[in-house]
Amino acid sequence: MTADRLSFATEAGLTLPADGPILLIGAPGDLYSDALPLDRCTVVQGFKPDHDAWTARGVPVTLAPEGDFAAAIVFLPRARDLAEARVAMACAAAPGGLIVLDGQKTDGIEPLAKAVKARGALLGQVSKAHGKTVWFTASDSFDDWARGPAQNSYGLWTAPGVFSADAPDPGSEALLAALPAKLGVRIADLGAGWGGLATGLLARDTLAELHLVEADHSALDCAQRNVTDPRARFHWADATAWTPPEPLDAVVMNPPFHSGRKSDPALGQAFIAAAKRILKPSGHLWLVANRHLPYETALEAQFRDSAEIAGDNRFKILHASRPNR
């Protein structure tokens, strides 16, 4: 939610409760918050960098709401099923209270607002800055939107908003197929998601320790359900900042490359820099990327040796070794 749109909404008739706690669901850690009484706010945030940012700002932050709230503000995610789940969470946390829903047009705010309106009258709405803010009274008519972790048709645990929730990711499958039989003793999967890569990696009996590093708490929760091998270690952490107990033999990853709906190669480049930092001098990095992503320059800058070892018209499998110091 932009500060301009929230301020514009308050000028157009949105009135936050003068008393009582307010819940912010999915609020980004760098939210410009002059229009919000942060001394009465609690944030629900499962993305570790944003979770830590709110903690640093001195605002209570949790993974799930506890108690009743006077109002709840929902920040729209990209995934429709997660957006609906957040609306249901807001209504359950603020029974009979004010619900504010805000998001960008590119993230689907307009169809979601229509779906909300079909279940109950809107109290108001404004459009500004390529997005929309709507508000309405909480009701139990959104109970069926509540969703949590569930097994998909492959028997794998996934959750709303988690990457590749319906089936194993073909890029990760291609990466596993290209890996050598021996990768090393201590390995990390950066951006481990619900554990798709980890399951294939743990088929190697030479592996003694696999660190699954994931910033999305919902995804990591699913990984802990899917990956039961005692050699697995789970870390709720920003992969670009995480440090292992000791330098690693190898890093394997299918890094994220979207910021909102926009492709952002800087995310994958940050993962590459993190891999260089946590590897042994003799360490190896293996990653899969969409064909169009420009990671080769980053690999050349961070490692002495790098090359594409496999791929097709959709994906490329990249290998790098001997990180620069």
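The values are calculated or read from the model by the stated rules, or taken from the named source; none is laboratory data. In this text, all values refer to a predicted model and were calculated from it rather than measured experimentally. All Cβ positions, glycine included, derive from the backbone under ideal geometry; neighbour counts span all protein chains shown. Just so you know, the surface numbers come from the protein's heavy atoms only, side chains and all, with ligands and any DNA or RNA stripped out. Shrake-Rupley method; radii C 1.70, N 1.55, O 1.52, S 1.80 Å.
So here's what we get for this one:
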quantity: Among (1) touching a residue at least 12 places away in the same chain (Cβ under 8 Å); (2) surrounded by fewer than 20 Cβ atoms within 10 Å (Cβ to Cβ), the one test that Asp205 misses; calculated: (1)
quantity: Enumeration of residues in region 130-144 that are open to solvent by less than 20 Å² (accessible area, probe 1.4 Å) and in contact (Cβ under 8 Å) with a residue 40 or more places away in the chain; calculated: Gly131, Thr133, Trp135, Ala138, Phe142
quantity: Yes/no for Leu122 being open to solvent by less than 60 Å² (accessible area, probe 1.4 Å), without any contact (Cβ under 8 Å) to a residue 24 or more places away in the chain, out of contact with any Cys (no Cβ under 6 Å at 6 or more places or on another chain) and at negative phi; calculated: yes
quantity: Failed item in (1) open to solvent by less than 20 Å² (accessible area, probe 1.4 Å); (2) without any contact (Cβ under 8 Å) to a residue 40 or more places away in the chain; (3) touching a Lys or Arg at 6+ places or on another chain (Cβ under 9 Å), with Val116 passing the rest; calculated: (3)
quantity: Residue check, Ser127 in a loop (DSSP other than H, G, I, E, B), open to solvent by 20 Å² or more (accessible area, probe 1.4 Å) and among the hydroxyl-bearing types (Ser, Thr, Tyr); calculated: no
quantity: Meets criteria (open to solvent by 20 Å² or more (accessible area, probe 1.4 Å), closer than 20 Å to Gln224 by Cα and of a type in the set (A, V, I, L, M)) for Ala177; calculated: no
quantity: Test result for Pro111, surrounded by 15 or more Cβ atoms within 10 Å (Cβ to Cβ) and not hydrophobic (A, V, I, L, M, F, W, C); calculated: no
quantity: Residue that is nearest to Lys105 (Cα to Cα), among those in region 145-166 that are open to solvent by 70 Å² or more (accessible area, probe 1.4 Å) and free of Cβ contacts under 8 Å to residues at least 24 places away in the same chain; calculated: Asp166
quantity: Any chance Leu183 is outside any loop (DSSP other than H, G, I, E, B) and closer than 28 Å to Gly311 by Cα; calculated: no
